[in-house]
Structures are given as C-alpha cells and as structure tokens.
Amino acid sequence: MISAITKVRESVMRSAARASRLGNFVTVFLILAFVLFSGVVAAQYQKAPPDFGGTYSFPTPQHPEPRADWLRVVDIVVLAAALGLSSWLVMKRRNRTGVLLLGIGALAYFGFYRKGCVCPIGSIQNVTLSLVDPRFMISMAVIALFFLPLVAALLFGRVFCGSVCPHGAIQDLVLLRPVKVPERLDRALSWLPYAYLGIAVLFAGWGLHLRLGAWQINMGRRFIICEWDPFVGLFRISGPFHMITIGAGLILLGMFIGRPYCRWLCPYGAILAILSRVAWKKVRITPDRELDCGLCAEACPYGAIREQRAVPASCVACARCYESCPRHRQLQAAPRGDDSLVQVQ
C-alpha cells in the first residue's frame, strides 16, 4: 500500500515538473513574441501625412485611420498573452470556467472594442497578396497576427479557437440547447472550410478570370473573407443589411448547433486543423487515465470526440468535456495533494 502511494506521488511530482516546464516555455514564447515584433511594428506607418504645400487638402477617409504604433504593439501583446493564458487554462489548469471568462474578455476586446480588426482570419488574404505581388507590402503587425495562432496550434492545438477568437467566443456563449449533428453530415460539411480557404486565396492573389464559350467572367482581386465576414457587422453595429442578417442567422443557429461558422466555414480554422494534427501537446480529456465511459462524447456539442478521444483537427479546446469526466471531477474534489485516495469504479 505504501509503495503504491509512493508511486502515485512520484507520478504527481513528475506531472508537476512537466507543467512547470510548460509554463516556462509559454513565458519565453510570449517574451520572444514581444521582443520580435514590438520594434519592427513601430516603423510601419507614418505618424503624419506629407506636406505637399499649396491648397491641397486630404480627403476624409471612409475607414478609421490606422491605430498608433504603440497600440498595434498592444494588440500583438494582448493576442500573445491570450494565447498563452488559453494554453495554460486548457492544458494545465483544465478549467472550463477560466476558458469561458477568457472568451468573454477576448470578445469584449478583439470583437467589440477593436471591432474585429485584430483578425488572423482576414490576414490570410494580406499574406497571400504579399506573396503573389511584391508591390503589396504588409506590416509586421499583420504577419504577427497571422502566425501567432499558428504557432500556438503547433504547440497546443486550437487554443485560439477555444477562447481567443471573438468569432468562436460569441458562438460558444450563445449555445443553449445543443443538438447533435449526424456524423456523416458533419464530416461532409467539414470540407467546406478548405474549399472556402482555396477560393479566398484565389481571389486575394489573382482574382477570377474564366471564359466559357461566349461567357466571360473577369473579377479582380477581392478580399472575400472580409466582405463576407458574418460577425464584423455585429461587432461594429453597422454594415450591409444582408451581412448583419447572415451574422444574426448564425447566432440563432449557434444557439442549437455548436459553432456552425467555426466548424463548417472558417478558412483560418482549416489551417489550424491541419497544424493541430501534429501539435506538441494535444487535449487529453481525462487528467491521468482514460475511462472509456462515453460521457465526454455526449457532452461535446462540436462532434470533436470519437471513440472517447478528442480529435485534434476538430477539437477547439473549449474544455467542456472536462466537466463531464468523472475522473476529472473526483480529482478536483479530492484534498490537494491527496490524489492517491481517488478511485474510479
């Protein structure tokens, strides 16, 4: 008996050591992100327009002027910190409440305060155009927004989707009565984000030019992800009527079907799904050993658990499954440091 308890305690100590190394790694990652991007981003935009002399006056812009340089740095630091906090809450703390609160904060900041402008989803188009056309320059701020969630996905899976992305957060918050989507239909619809990604890259880089007999289609470069973003109009409380209607429709649908946009439309989610397959650390439903009870699959509203295991490409790191896991609940209820007394029948 003493030998068994000693082994359990040694296992717990090893787990704590690994968690400590993980926390140190996240801290170093955030520091490097700040050092790498802060100095470069500050030189991307002019602080004042040039003086042409004479009576020339600049036209009134139709869109908000670029934010001050230091505020762009703040956006990047907030994004990096949110990704690190999301990883810690999901991988170490296994805390659904923390993930939920972080999602509310991300929705408030990236969604309503920044009006959806801190947008890794839309940055796909900027990066594509800069690779295709050398005349198109993008700032290091955009590059940082595009790559930071991808790096996080390579390390910990889709932690950006779980509680950092305002698009995902707003859908997670409105989910009231989730309905199970048939697995065959879910798998068929899950290919749509890859098709949308391909179309978005095509339009951003080259446009669409087709000739079918007497019919010709000539469409120049367009940022269709931004044009058809269903939630930006809601974040800004303004926009074309049809887009606000689509956004409201997705919100209503999201009350019964978990994250329809994330699962079946988001082009950035398609990239994250690919990278999360080879993530360094993946979501593990039970904290120490699998139970195969099936409760987690019943609790997941996103169809991301199959054969009692989280599917890395589909799991959005929302931490909902933790609350349904008997082993997790028993370990949470056990006295601190006394995990050896917990048994699962």
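When each of Ala153, Ala108, Ala141 is tested for being touching a residue at least 24 places away in the same chain (Cβ under 8 Å) and closer than 30 Å to Ala310 by Cβ, the lone residue that passes is Ala153. A residue that is assigned to a helix (DSSP H, G or I), touching a helix residue (DSSP H, G or I) at 6+ places or on another chain (Cβ under 8 Å) and surrounded by 15 or more Cβ atoms within 10 Å (Cβ to Cβ) occurs nowhere in the range 278-292. Just the residues that are over 13 Å from His167 (Cβ atoms) and part of a helix (DSSP H, G or I), please, taken from the range 228-245. If the condition is that a residue be over 13 Å from His167 (Cβ atoms) and part of a helix (DSSP H, G or I), then Arg236, Phe241, His242, Met243, Ile244, Thr245 are the ones that fit. Of the residues screened, Ile225 is one that is within 22 Å of Asp133 (Cβ to Cβ), part of a helix (DSSP H, G or I), at pLDDT 95 or above and of a type in the set (Val, Ile, Thr).
When the range 90-128 is limited to residues that are of a type in the set (Lys, Arg) and either assigned to a loop (DSSP other than H, G, I, E, B) or touching a Phe, Trp or Tyr at 6+ places or on another chain (Cβ under 9 Å) (or both), the one that is surrounded by the most Cβ atoms within 10 Å (Cβ to Cβ) turns out to be Arg94. Here Gly207 fulfils each of the conditions (1) out of contact with any Lys or Arg (no Cβ under 7 Å at 6 or more places or on another chain); (2) surrounded by fewer than 17 Cβ atoms within 10 Å (Cβ to Cβ) apart from (1).
The set of residues in the range 267-277 that are outside any loop (DSSP other than H, G, I, E, B) and either among the basic types (Lys, Arg) or under 19 Å from Arg184 (Cα atoms) (or both) comprises Ala270, Ala273. For Leu295, the conditions (1) touching a residue at least 12 places away in the same chain (Cβ under 8 Å); (2) among the hydrophobic types (A, V, I, L, M, F, W, C); (3) loosely packed, with under 14 Cβ neighbours inside 10 Å all hold with the exception of (3).
The values are calculated or read from the model by the stated rules, or taken from the named source; none is laboratory data. Nothing here was measured: the structure is a model prediction, and the numbers come from that model. Every residue, glycine among them, receives a Cβ derived from its backbone with ideal geometry; neighbour counts consider all protein chains shown.
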